[in-house]
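The values are calculated or read from the model by the stated rules, or taken from the named source; none is laboratory data. No experiment lies behind these values; they were computed from the predicted model shown. Cβ coordinates were reconstructed from backbone atoms using ideal geometry, including for glycine residues, and neighbour counts include every protein chain displayed. Accessible surface is based on the protein model in full, side chains and every heavy atom, while ligands, DNA and RNA are left aside. Shrake-Rupley method; radii C 1.70, N 1.55, O 1.52, S 1.80 Å.
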Amino acid sequence: MYLRAGLWTLAALAVFALIFAFLPSGGQTGAETGAKLSGVALSLYPARDEGAVWRFRAANVSSDPVVGETRLSGLSDGQRLLREKNKAGIYTGRETLDATLAAPDLTIDSQDNMTTQKARITLVAQCADIDLTGNATQPVKIEQGYGFTTPLATISSPAITGRLAKLRMSFQFVIEDVDNDNSSWSANLDSTETCKNGKRVQL
């Protein structure tokens, strides 16, 4: 379970390149300190997630350079796609959907880390939903050097269900740390569902 460091650096570059192009000049009376954009599409190529591209749309993007934050809201079409390479190691341009990411909003800080109070990751091949839940004091974090951290995650899939406390997982969705004393999970041995072509189907 992974996401990589350069992801948010590139996100910030893409967003801020647009934002600062529209910032008013400092000599204008009453000039605002921030900027707002709408209908932004982002494609992110994280350095620590080689071979993957993250894409999503944001209905609204607002930047406040004074506090060093950019807020993205109205997010949709969040996807992690795996890029195909040929035998020579060259990308062919073909991509396979690996996971989807849904969140109501994201805030990017001055270090290119992102926070939100809730998010859902769906692993397509496993038909697994991972719900990340935080709050105002302990939000869900997507950090440059670590990946995802969240106070609470719940997993639901045909194969396994669980509740994980203080979860930390990489950008490729590998669990790296969890509070085992306050977590529980179990295999669904009697499951009536299976995962087929990214969808849950009855056995």
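Numbers below:
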{"item": "Region 79-98 residues that are closer than 25 Å to Arg120 by Cα, paired with ones that are open to solvent by 80 Å² or more (accessible area, probe 1.4 Å) and polar (S, T, N, Q) (beta carbon under 6 Å, 6 or more apart)", "result": "Leu82/Thr96"}
{"item": "Test: residue in region 74-87 that is buried (at least 17 other Cβ atoms within 10 Å of the Cβ), farther than 30 Å from Leu37 by Cα and in contact with a strand residue (DSSP E or B) (Cβ under 6 Å, 6 or more places away or on another chain)", "result": "no"}
{"item": "Wholly enclosed strands (runs of 3 or more DSSP E) of region 88-146 bearing at least 1 residues open to solvent by 30 Å² or more (accessible area, probe 1.4 Å) and within 30 Å of Lys196 (Cβ to Cβ)", "result": "91-102, 118-123, 128-133"}
{"item": "Which numbered condition Ala52 misses (of (1) in contact with a strand residue (DSSP E or B) (Cβ under 6 Å, 6 or more places away or on another chain); (2) open to solvent by 40 Å² or more (accessible area, probe 1.4 Å))", "result": "(2)"}
{"item": "Residues located in region 89-143, provided they are among the polar types (S, T, N, Q), within 24 Å of Ala165 (Cα to Cα) and over 12 Å from the mean Cα position of the chain (by Cα)", "result": "Gln117, Gln126, Thr133, Asn135, Thr137, Gln138"}
{"item": "Test: residue in region 36-46 that is modelled with pLDDT of 60 or more and polar (S, T, N, Q)", "result": "yes"}
{"item": "Subset of region 155-203 [part of a strand (DSSP E or B), within 29 Å of Pro46 (Cα to Cα) and among the small types (Gly, Ala, Ser)]", "result": "Ser156, Gly162, Ala165"}
{"item": "In region 166-200, residue surrounded by the most Cβ atoms within 10 Å (Cβ to Cβ) [restricted to those that are of a type in the set (A, V, I, L, M, F, W, C) and farther than 14 Å from Leu132 by Cβ]", "result": "Cys195"}
